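Contents: one structure, followed by commentary.
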Amino acid sequence: MGIAVIYAAYLAVSIGLTVVVASALSRSGRVFLVQVFGGDEGMVGAVNRMLVVGFYLLSLGYVALTVRTSVRFHGPGQAIGVLSVKVGEELLVLGALYLLNIAMYARFRRRQRPSETVAEPGGTVTREVIH
């Protein structure tokens with residue numbers, strides 16, 4: 001099994017996984033952002049696109065940086081082993097980026113929640129209003 005075949009397989013699997021995860025993130029994120037931005041479709045679309053583009057850039061940048069290997073393959077078993085490690089690393093990166101995007105959505109949501117200011121002895125306290 002040639003090195004070019006391993007590189008091509010790694011790129012195909014990694015790019016495919018990135019597209020699938022980004023698509024799921026975009027669909028799910030859009031629904032969430034509609035609630036956060038009160039139905040402002042323009043803002044929802046813009047924020048959703050920015051998050052997805054950032055996701056693509058980070059994920060595919062990682063793939064581009066890790067595509068090369070210095071391992072000399074001595075059979076298909078070793079080639080598949082190296083490929084599985086590379087794909088596993090990409091899955092971990094995708095998972096971390098996905099969680100980072102979810103954290104961003106949660107942050108947007110917290111900022112959109114109304115708060116109330118209550119005067120208490122010793123100072124003013126701001127509390128979130130829970131509906």
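The values are calculated or read from the model by the stated rules, or taken from the named source; none is laboratory data. Values in this document were obtained by computation on a predicted structure and should not be read as measured data. Virtual Cβ from ideal backbone geometry, glycine too; neighbours counted across all protein chains shown.
Output the residues belonging to region 55-72 that are without any contact (Cβ under 8 Å) to a residue 12 or more places away in the chain and within 15 Å of Leu94 (Cβ to Cβ).
Leu57, Gly61, Ala64, Leu65, listed by residue number.
So which of His131, His74 ends up being loosely packed, with under 10 Cβ neighbours inside 10 Å, more than 20 Å from Arg49 (Cβ to Cβ) and modelled with pLDDT of 75 or more?
His74
Do the conditions hold for Leu25, that is, is it in a helix (DSSP H, G or I), under 12 Å from the mean Cα position of the chain (by Cα) and closer than 25 Å to Leu92 by Cβ?
Against the criterion (in a helix (DSSP H, G or I), under 12 Å from the mean Cα position of the chain (by Cα) and closer than 25 Å to Leu92 by Cβ), Leu25 qualifies.
Please tell me if Arg49 is touching a Ser or Thr at 6+ places or on another chain (Cβ under 9 Å), surrounded by fewer than 17 Cβ atoms within 10 Å (Cβ to Cβ), free of Cβ contacts under 8 Å to residues at least 40 places away in the same chain and in a helix (DSSP H, G or I).
So Arg49 passes the test.
Might you let me know whether region 93-101 holds any residue that is within 26 Å of Val47 (Cα to Cα) and either surrounded by fewer than 11 Cβ atoms within 10 Å (Cβ to Cβ) or modelled with pLDDT under 75 (or both)?
Here is the first cut: in region 93-101, the ones within 26 Å of Val47 (Cα to Cα) are 93-101.
Still in the running and either surrounded by fewer than 11 Cβ atoms within 10 Å (Cβ to Cβ) or modelled with pLDDT under 75 (or both): 99.
Yes, because at least one residue in region 93-101 is within 26 Å of Val47 (Cα to Cα) and either surrounded by fewer than 11 Cβ atoms within 10 Å (Cβ to Cβ) or modelled with pLDDT under 75 (or both).
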